[in-house]
Amino acid sequence: MERVISGIRPTGNLHLGNYFGAVKSFVKMQDEYNCMFFIADWHSLTTHPKPENIRQSARTILAEYLACGIDPQKAPIYIQSDVKQVLELYLYFNMNAYLGELERVTSFKEKVRKQPDNVNAGLLTYPTLMAADILMHKADKVPVGKDQEQNMEMARLFARRFNRIYDVEYFKEPESFHYTAEAVKVPGLDGSGKMGKSEGNCIYLCDDEATIKKKVMRAVTDAGPTMLNQEKPEPIRNLFTLLELVSGPEAYDYYNDLYNNMQIRYGDLKKQLARDINAFCAPIREKILAYSADEQYMQQVAREGAERARESADKTLREVREIIGFRSL
Ligand code: AMP
């Protein structure tokens, strides 16, 4: 069975965009592939989080993934910093990664622009750490969004380069994986663009009913259609996209007909949307709370995940050390 690995950045809570764009397909993938998920807490150090936040965000994200339906029996979940073997592979890849190529990575250049006073070496070598995460477990496929494509190119480059330097066929090149043919883009509630933490337009899976209602009722709309069968402007299209995701095609068709006949009342649509988002989130929210309160189970998941990851990592490192020439004396 092909191995799929995905790193999860522990930055804040999961929102509907994360769910429909990524986590929902992870839940399906775990039945079809040999999946592994890890919480990338070392990666998160590039922005210098506070110690108390590091632990808390790893716990939060673990509880949320479990609540969404990731089953650690099918797909181990581990915390990156529990598998120290990754650091050794990171070092080896860094020895064969060149300043020029790392500086050319678009996401690095973006960070340099956005945070000029914190251009640290961890940011520069983000692609080598990511390559170590992936190649450590010989992953075949890595589910990534567009923003990670270049890092995947780098992972393939480091794999090829290692093989060439040591004249081996050791690492295989991991593929970017798009589980569904068409990428789902979940829009925000602010009338344009997609739902995202930095946009401040998210509905989080852990939001309570009142918060969901408040956010949805405040969503941007317009004065309503002025012609029959009028094309929808972006803010309205966004509401319909959300409606289709959480309420399903019948609700979509119902409001779509009203829109086309110029009889739509956005207040009604929003009320239905808020109700359906809440109905969708409520069971997940309950599970998030239950997992968060179950310290013992969370520890067990992280411990067992780390054990399985270490097993696979140890094997790779033994072989890599041998190839590089670190034979025991
Ligand atoms: P982020 O929370 O921005 O690090 O996103 C993690 C992953 O969630 C991304 O790689 C996407 O696969 C997915 N994602 C985030 N926001 C959206 C969105 N608005 N629509 C669809 N997918 C999304």
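Going by what's in this entry, would residue 273 be described as closer than 30 Å to residue 35 by Cβ, surrounded by 13 or more Cβ atoms within 10 Å (Cβ to Cβ) and in contact with a Leu (Cβ under 9 Å, 6 or more places away or on another chain)? It would help to see each step written out before you state the result.
Numbers: closer than 30 Å to residue 35 by Cβ: no; surrounded by 13 or more Cβ atoms within 10 Å (Cβ to Cβ): yes; in contact with a Leu (Cβ under 9 Å, 6 or more places away or on another chain): yes.
It is false that residue 273 is closer than 30 Å to residue 35 by Cβ, surrounded by 13 or more Cβ atoms within 10 Å (Cβ to Cβ) and in contact with a Leu (Cβ under 9 Å, 6 or more places away or on another chain).
Restricting attention to region 180-198, the residues being near the ligand (Cβ under 8 Å from one of its atoms), of a type outside the set (D, E, K, R) and at pLDDT 85 or above number 6. In region 1-33, the qualifying residues are those that are of a type in the set (Phe, Trp, Tyr) and near the ligand (Cβ under 9 Å from one of its atoms), and the one that is nearest to the chain's Cα centre (by Cα) is 19.
Of the candidates 271, 213, 287, 232, the single residue that is closer than 30 Å to residue 133 by Cβ and modelled with pLDDT of 95 or more is 287.
Scanning region 116-143 for residues that are in a loop (DSSP other than H, G, I, E, B) and either out of contact with any Ser or Thr (no Cβ under 8 Å at 6 or more places or on another chain) or crowded, with 20+ Cβ neighbours inside 10 Å (or both) returns 116, 117, 119, 125, 137, 139, 140. Candidates 162, 177: the one that is at negative phi and away from the ligand (no atom under 16 Å from the Cβ) is 162.
Out of all the residues in region 224-232, is one or more touching a Leu at 6+ places or on another chain (Cβ under 6 Å) and either of a type in the set (Phe, Trp, Tyr) or in contact (Cβ under 8 Å) with a residue 12 or more places away in the chain (or both)?
Looking only at region 224-232, we keep the residues that are touching a Leu at 6+ places or on another chain (Cβ under 6 Å), and these are none.
No; the residues of region 224-232 include none that is touching a Leu at 6+ places or on another chain (Cβ under 6 Å) and either of a type in the set (Phe, Trp, Tyr) or in contact (Cβ under 8 Å) with a residue 12 or more places away in the chain (or both).
Any residue at all in region 93-112 that is surrounded by 22 or more Cβ atoms within 10 Å (Cβ to Cβ), away from the ligand (no atom under 16 Å from the Cβ) and modelled with pLDDT of 95 or more? So far as region 93-112 goes, yes, one or more of its residues are surrounded by 22 or more Cβ atoms within 10 Å (Cβ to Cβ), away from the ligand (no atom under 16 Å from the Cβ) and modelled with pLDDT of 95 or more. Comparison of 40, 67 shows that the only residue that is under 27 Å from residue 200 (Cβ atoms) and in contact with a Cys (Cβ under 9 Å, 6 or more places away or on another chain) is 67. Being away from the ligand (no atom under 16 Å from the Cβ) and either of a type in the set (S, T, N, Q) or under 23 Å from residue 143 (Cβ atoms) (or both) is not true of residue 201.
The values are calculated or read from the model by the stated rules, or taken from the named source; none is laboratory data. These figures come from a predicted structure and were not determined experimentally. Every residue, glycine as well, gets a Cβ built from its backbone with ideal geometry; the counts of neighbours run over all protein chains shown.
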